[in-house]
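This report concerns only the one structure given below.
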Amino acid sequence: MSMDGRTCVITGSAKGIGRGIAEYLGEEGANVVINYRTSEGAAHDAVDTIESAGGSAVAAQADISDRADVERMVEVCHDTFGPADVLVNNAGITADKQFTEMSREEWDRVMDVNLGGMFNCTQLFYDDIWNAEEGRLINISSVVGKQGNYGQANYAAAKSGMFGFTRTIALELAKGGSTANCVAPGFTATDMLESVPDKVLDRIISGIPLERLAEVEDVAAVVRFLASKDSSYVTGEVIDVNGGMDL
């Protein structure tokens, strides 16, 4: 599943799942665009990690909910590596609160980043993906989009919305020979879970048939397959990486 010479843009890739995906693809020979909003140091550290492994990478600052920012990120990609072959819409935020206490601003902000950002990035890189030799659009959703989660009505709605978006864009990209797929990870061992009390983590793990959290590498390996030419007959799919939580 070599990625030699393929240019991959991964949003929100300075940390967490996005960084794992970026490093995985970089190790496979891809040219990687590391997108970040505020984590500049972490983004450049990710670039260094990829380059020290023999890959090529560049950091690109952009708030994906800001279309002008995304336009500048496209320029960085094109100036450094040329058109993108793969876009991974990974960046997202949470603003958790019980629905009756949730403000419209908290709802809108999550929608603006998680769905609006996906819209901006997909539209502005669309021609690249269409014209690429087997272009790839990969959207990172969540098990929460399928099952819901207490206090995350905004996040669950946004992540669920990715499913319909992915399937529709898959239909539209098919005529150009490119694909669109969605990955829905379960609870993953990243910095976001470090503040979760042990008692809560134990309860989460008890509901996972494989009896462990996902590792970043578990998700990155699936994305690597979808980003490669080996996945050329897979499109419009939502692939769960959740340790069997739907069983």
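The values are calculated or read from the model by the stated rules, or taken from the named source; none is laboratory data. Everything numeric here is computed off the predicted structure, so don't read it as measured data. Glycine gets a Cβ as well: all are built from the backbone with ideal geometry, and neighbour counts include every protein chain shown. Note: areas computed on protein heavy atoms with side chains; ligands, DNA, RNA excluded. Shrake-Rupley method; radii C 1.70, N 1.55, O 1.52, S 1.80 Å.
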Practice problem: Find the helices (runs of 4 or more DSSP H) located wholly in the range 130-247 whose residues include 3 or more that are of a type in the set (A, V, I, L, M, F, W, C), and list them. | Solution: 153-174, 198-206, 216-227
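So how many residues does the range 72-117 have that are in a strand (DSSP E or B) and hydrophobic (A, V, I, L, M, F, W, C)?
Restricting attention to the range 72-117, the residues satisfying the condition of being in a strand (DSSP E or B) are 86-89.
Subsequent filtering for residues that are hydrophobic (A, V, I, L, M, F, W, C) retains 86-88.
Total satisfying the criteria: 3.
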Quiz prompt | Close pairs from the range 155-174: first on the phi > 0 side of the Ramachandran plot, partner in a helix (DSSP H, G or I), Cβ under 9 Å, at least 6 apart | solution = none
Practice problem: Check ILE204 against each of (1) surrounded by fewer than 16 Cβ atoms within 10 Å (Cβ to Cβ); (2) over 25 Å from LYS97 (Cα atoms); (3) β-branched (Val, Ile, Thr) and name the one condition it does not meet. | Solution: (2)
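Does any residue of the range 102-114 turn out to be within 30 Å of ASP230 (Cα to Cα) and either under 18 Å from the mean Cα position of the chain (by Cα) or among the acidic types (Asp, Glu) (or both)?
Initial filter on the range 102-114 (within 30 Å of ASP230 (Cα to Cα)): 114.
Subsequent filtering for residues that are either under 18 Å from the mean Cα position of the chain (by Cα) or among the acidic types (Asp, Glu) (or both) retains 114.
Yes, the range 102-114 contains a residue that is within 30 Å of ASP230 (Cα to Cα) and either under 18 Å from the mean Cα position of the chain (by Cα) or among the acidic types (Asp, Glu) (or both).
Restricting to the range 77-86, count the residues that are β-branched (Val, Ile, Thr) and open to solvent by 40 Å² or more (accessible area, probe 1.4 Å). Working first, answer last.
Step one: list which residues in the range 77-86 are β-branched (Val, Ile, Thr), which gives 80, 86.
Still in the list and also open to solvent by 40 Å² or more (accessible area, probe 1.4 Å): 80.
Selection size over the range 77-86: 1.
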Quiz item: Before we move on, is ARG67 basic (Lys, Arg), open to solvent by 40 Å² or more (accessible area, probe 1.4 Å) and touching a helix residue (DSSP H, G or I) at 6+ places or on another chain (Cβ under 9 Å)?
Solution: yes
Practice problem: Run SER2 past the list (1) surrounded by 16 or more Cβ atoms within 10 Å (Cβ to Cβ); (2) within 22 Å of GLU134 (Cβ to Cβ) and report the number of the one that doesn't hold. | Solution: (1)
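Okay, residues lined up against (1) crowded, with 16+ Cβ neighbours inside 10 Å; (2) touching a strand residue (DSSP E or B) at 6+ places or on another chain (Cβ under 8 Å):
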| site | (1), (2) |
| --- | --- |
| GLY55 | yes, yes |
| GLU71 | no, no |
| GLU75 | no, no |
| ASN90 | yes, yes |
| VAL113 | yes, no |
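Only one of THR100, THR94 is open to solvent by 20 Å² or more (accessible area, probe 1.4 Å), in contact (Cβ under 8 Å) with a residue 40 or more places away in the chain and not aliphatic (A, V, I, L, M); which? Reasoning before the result, please.
Values: THR100 fails: in contact (Cβ under 8 Å) with a residue 40 or more places away in the chain.
Selected residue: THR94, the only one of THR100, THR94 that is open to solvent by 20 Å² or more (accessible area, probe 1.4 Å), in contact (Cβ under 8 Å) with a residue 40 or more places away in the chain and not aliphatic (A, V, I, L, M).
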Practice problem: Filter the range 11-53 down to residues that are out of contact with any helix residue (DSSP H, G or I) (no Cβ under 8 Å at 6 or more places or on another chain) and not in a helix (DSSP H, G or I) and give me whichever is most open to solvent (accessible area, probe 1.4 Å). | Solution: ARG37
Practice problem: Quickly run through the range 10-47 and pick out the residues that are touching a residue at least 40 places away in the same chain (Cβ under 8 Å) and at positive phi. | Solution: GLY12, GLY16
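Which of the following residues is at pLDDT below 95, among the hydroxyl-bearing types (Ser, Thr, Tyr) and open to solvent by 30 Å² or more (accessible area, probe 1.4 Å): TYR126, TYR233, TYR150? Step through it out loud before you land on a result.
Working: TYR126 fails: at pLDDT below 95; TYR233 fails: at pLDDT below 95.
That would be TYR150, the only listed residue that is at pLDDT below 95, among the hydroxyl-bearing types (Ser, Thr, Tyr) and open to solvent by 30 Å² or more (accessible area, probe 1.4 Å).
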Quiz item: When ILE129 is evaluated against the numbered criteria (1) farther than 20 Å from ASP63 by Cα; (2) in contact (Cβ under 8 Å) with a residue 60 or more places away in the chain, which criterion, by number, is the only one it fails?
Solution: (2)
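Determine which member of the set ASP69, ASP85, ASP63 is touching a residue at least 12 places away in the same chain (Cβ under 8 Å) and touching an Asp or Glu at 6+ places or on another chain (Cβ under 6 Å). Give the steps one after another, and end with the answer.
Working: ASP69 fails: touching a residue at least 12 places away in the same chain (Cβ under 8 Å); ASP85 fails: touching an Asp or Glu at 6+ places or on another chain (Cβ under 6 Å).
Step by step, each of ASP69, ASP85, ASP63 is checked, and only ASP63 is touching a residue at least 12 places away in the same chain (Cβ under 8 Å) and touching an Asp or Glu at 6+ places or on another chain (Cβ under 6 Å).
Can you pull out every residue in the range 77-100 that is among the hydrophobic types (A, V, I, L, M, F, W, C) and more than 21 Å from ASP4 (Cβ to Cβ)?
Once the filter is applied, which keeps residues that are among the hydrophobic types (A, V, I, L, M, F, W, C) and more than 21 Å from ASP4 (Cβ to Cβ), the range 77-100 yields ALA91, ILE93, ALA95, PHE99.
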